[in-house]
Structure formats: C-alpha cells, structure tokens
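Heads up: the structure comes next, in structure tokens.
Every read-out reported here was derived from the displayed coordinates using simple, explicitly stated rules and does not represent laboratory data. Worth saying up front: this structure is predicted, and the values here are computed from it rather than measured.
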Amino acid sequence: MLFREFSAICEQLEGIRGRLEMIDLISRRLPALSDEELPVFVRFIMGRIFPDWSPEKLGIGPNLLYEGVAYVVGTKKETVIETINRVGEAGFAVEQLLAGKEQTSFFSEELDLVTVYSEFEKIAGTGGKKSQREKLLVVRKLLANADPLEGRYLARIMLEDLRIGVGDGTIREAVARAFGVSPALVEHAVQALNDLGYVARLAKTGEAALKDVHISPFHPVKMMLAQQGSIVSAIGELGIVTAEYKYDGSRFQFHRTGSRSALYSRKLEDVTNALPDVLAILNESTSHDVILDGEVIAIKDNRPLPFQEVLRRFRRKHDISKMQEEVILVPNVFDILYLDGETLIDLPLSERRKRLETAVIRHVAPQLVSDDPAAVTDFYHAALDAGHEGIMIKATESPYTPGMRGKNWLKVKPEVDTIDLAVVGAEWGEGKRAHYFGSFILACQDNGELVTLSKVATGFSDEQLAEAYDLLHDQIVSQSGKEVRFDPELVFEVGYSELQVSSNYPAGFALRFPRFVRIRDDKDITEIETVSSIRERYQRQPNS
Ligand code: AMP
C-alpha cells in the first residue's frame, strides 16, 4: 500500500465521528493488505509503530522533527514552532509548511507503507549523539518525499499521536469484522500477544489460529491491574478470597528461558541492565523457563524503604554497583504466566499459584486464602505493621487478564488523598531554581483528552526538581514567556487537602493546597485520574 493511500484513509477517518462508521471503513480495507502490510497498517492507524511488547522506541522527539521539517522546507526551526503554535498541532503545521514549499524537480520516491516502517525500524533503539544525526537524516528523507497530506500523518506517526481517534477497541472490532472471527477471541489474543498488528495477521488465517495463542518469553505481557476495594465488600461478593501484602515498590516481569533472562518494568521497558542484583536473585530462585509477575521493594534494616528508592534504581544507567550497595532490592513474586512452554494466563489463580510454588523456591509472596473478614483484617494490619502499603485481594478462581483493571484484583489501603496527574506544562523557577522548572501544570483525562486541573509548586526538594527537569526538558513543545508546554508523558502523584468545584480550570475542579508527593514514571499517562473519578471523589468528601 502506498503511504499516500494510507494518508487518504487517515484523512477520511479524521472526518468521521461515529465509531461504527470507522469500524466499517477500516474493516473494508484490511482484507486486501498483504501479510507484511497488515501489522504495519494496524499499528500505524492507532498511532503506534512497534508492537506493544517491544521496548523499541523511535526516539524522534518534537525537536528533531522540527529540525527535519525546517530543513526540508528551507526555513528556520523557530518558524516551524511558530506555525505549530498558530495552527495548534504538528501534523497540520507540517502539512501547511510542505504545501508552501517550492516544488523542486529533484528525484522523489513514492513512499510505501512498509518502506516507511523499515526506515523507522532502522533508526529505532540506536543511542548516542551519532544516532540523532541518523534519525534526522531519515526524518528529512521521508518528509522530502512526502506530499503535504502524507507530511501531516508522517509527523503525527513520528510523534506517536495520530489524532484520528482510532482506539484499540475500534481496531479489534474492525479486525474481527474483516476476517469474520469473534471479537472476544481477538481481544484474548491481543491480551496474550500484546501486538494487535500480529493478531490481525492471525485473524486473517481464521479462528483456529486465534484460539491457539501462546505467550512468548521476551515479549512482555501487559500487567494485570487493580482497582480500589474493601475487605467486607470483597468477601461479600466473592466468598473465599486470596489476600497478599501490597508491596510499595515497583512492578516487574521476569522472563527466562535456559541461560537467558530479562526484567521488564510496569511500562514494559527492558530494565535488565539496571537491576543485575534482582536478576541474580530470581535466576537463583528457579531453574525453570518462566514468566513471573511481582513487585520489587527496597529494604533497609528489614523494613521497606519509600518507593522512590526503587524507582531510582529502575532508572539507573550508571554506577549501578555503587547503588546496589546503598539500596538492597528484594523481589516479591506473586504470579506466573508461563512455565516450561505452557501459557498459564487462562488458569485460575489457585492453579497458577500451585505452579508458582513448584517452579519458584524463594521470594514467593505469602498468601492468605480465607472467607473470614476478621482474619483478612488481621492480615491487613500485619501488612501495615510490617511497613507495607496495605493488601491486595484477589478472586481465587480468576484468570490473569493482561492490561485489565477489574474486580478480580482489589487494592485495600488506608485512604490518602493523592491523585495521579499528567504534567502538561511548567513555569521556569526563580533565583537559585532558575535553571529548573519551579511550578508545573497538571491535567487529568476526560474521554482520552487531557484537561488541566491544577498547578503544583510546593513539596519538591532541590533533588526532585532536578530530576523533574531531567525527565521533562526534552519534552518541551512550545514556550511563551516563562511558561513551557510539554509533550505529556510524565505522571506526578500529588497530595491535596480538598477538591473544589472551579471554573478556573477546564476540568471543572481544582485542588486545594496541592503538594507534590512523587514522580510516577512507572505509570503511563493513560493511567491518570479521570474527570468522572474526580467527581466521585468530590462527592465522597464529607463537606461536599
Ligand atoms: P496502584 O499502583 O496503587 O494502582 O496499585 C496496584 C499496584 O500494586 C500493582 O500494579 C503492583 O505494582 C502493586 N502490587 C504490590 N503488591 C502486589 C500484589 N501482591 N499483587 C499485585 N500487585 C501488587
């Protein structure tokens, strides 16, 4: 498929509001695609490039893209940024700039969907200064061959934000419709394989292929997530429950076959090199081929340290051995998804637990299986006394549902008023903090849109401000006066004394006395609080 055709489909989709109409349009285009084109089409149309399991990142930030565009249209980067600020978004800006470019009679190549993908593949994952140059050359080459509409979508794909509103659900249904297979089977295959592109290819061969999916080691699976719950209502609903301590550390997934092993973070980044000590402990705890799910915590004098200590280790790229001496990390394994070639996610928790106990001899998180609220409450207090966050209550007969947040896993912890929000902008600091950001603009989500809710300027140590600067300065997309805006990726956990109804912020609410608690770079911005859950919080407030 030519990239021109793909862009035309994107433009059509951009003009459609209804989900059913989108499903219809996409499903009619899928059957004609080749085996090679199908996964690329499916991922691109969702604004993604690589399979979700892949730690590969394109690594073309806004700045690099602007530089590339400036070169191709023969202008300055500042002009590109001005155009974006004027039209509101990079895709339209690139389209406009390419349309205004003088037509050159140079040789130009027609872009093809699969060749665009191969170019991205070539430059992904390369690090260092030289790679920035290589990336820039690819950006230039692609944009030089693009017509304005292609430019719109190339720019957006490079920023991994296609803005045509095609979500996972829409694509799953389009795939099911296109190949006459059940949407539930498609969904299940996606949970196991974590790549809708590849699943589309399986769907093309029929239902049998979708039914027989297997997890592959070193293709990380999305983590199963939890929602809030209470002991009494959980037992009321489920009867017998499985309770475990809720460890306040960082989530990991451990993969091993033979002598090869790897660790992945909650966001499925490969953190193997940062955590050699944890890797060694896990390798010594099992002699099987496994995929394990757990939480790693930092320990000092037999007590868990604050979670920030663990995250520092996950991010660490240098001086790893020095850090190992300072902070002792201990994994707590609570689930198993794969054992010696067998995929286990559809087995009930009780059955997975048996396999876990036979395969792993140390560091398995203790459990209490009970239907007695008093016994589970004692367990909860024991968890808090030992310095943990609370407990997790799990439905004993439930499968492992990757990426799903549901009633099968419930977290029970003391109520604290903190909230996870995306960092969408900041203001430069003053005085000795002039080189860092001093206050941050935060947003929650409303049906996939980010809406601002608060600013936060207190609660930071100098070290945390430096850390925030490190994580954010490459994400700046625009600046006006002292204020900058970011390509939103980072999540802050923020404390507050009270929620107030407010017309000052688009979310309709504001935080009273917002105070920075910690950086949550283990969380993705899709996991931030929604306006509707904030409304519920507001209604639960005693004085509302
Ligand atoms: P939260 O981050 O507050 O949404 O709580 C869910 C997180 O608790 C999971 O993603 C894990 O990182 C963590 N966790 C700690 N202990 C457990 C456990 N025993 N079972 C499952 N998740 C746990």
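Global dimensions of the chain from alpha-carbon coordinates: Rg and Dmax equal 24.4, 80 Å.
Under the classification rounded if a/c is under 1.5, otherwise prolate if a/b is larger than b/c and oblate if not, where does segment 324-393 fall, given a ≥ b ≥ c as square roots of the Cα gyration tensor eigenvalues? Verdict is oblate for segment 324-393.
Binning the C-alpha pair distances of segment 287-428 at 5 Å intervals from 0 yields a P(r) profile of 2, 7, 14, 17, 18, 18, 14, 7, 3, 1, 1 %, listed from the shortest bin outward.
Taking every DSSP helix (H) stretch of at least 4 residues in the chain, weighting each as -39,500 (n - 2.57) and dividing the sum by the residue count yields a mean residue ellipticity at 222 nm of -12000 deg cm²/dmol.
Using only alpha-carbon positions in segment 149-308, the gyration tensor eigenvalues give semi-axes of 34, 22, 20 Å once each is multiplied by 5 and square-rooted (largest first). Determine the shape class of segment 40-194: with a ≥ b ≥ c the square roots of the Cα gyration tensor eigenvalues, call it rounded for a/c under 1.5, and otherwise prolate if a/b is greater than b/c, oblate otherwise. Here segment 40-194 falls in the prolate category. When only alpha carbons of segment 1-74 are considered, Rg and Dmax amount to 15.0, 42 Å. Note on segment 397-439: Kirkwood hydrodynamic radius from all Cα pairs is 14.9 Å, rounded to one decimal.
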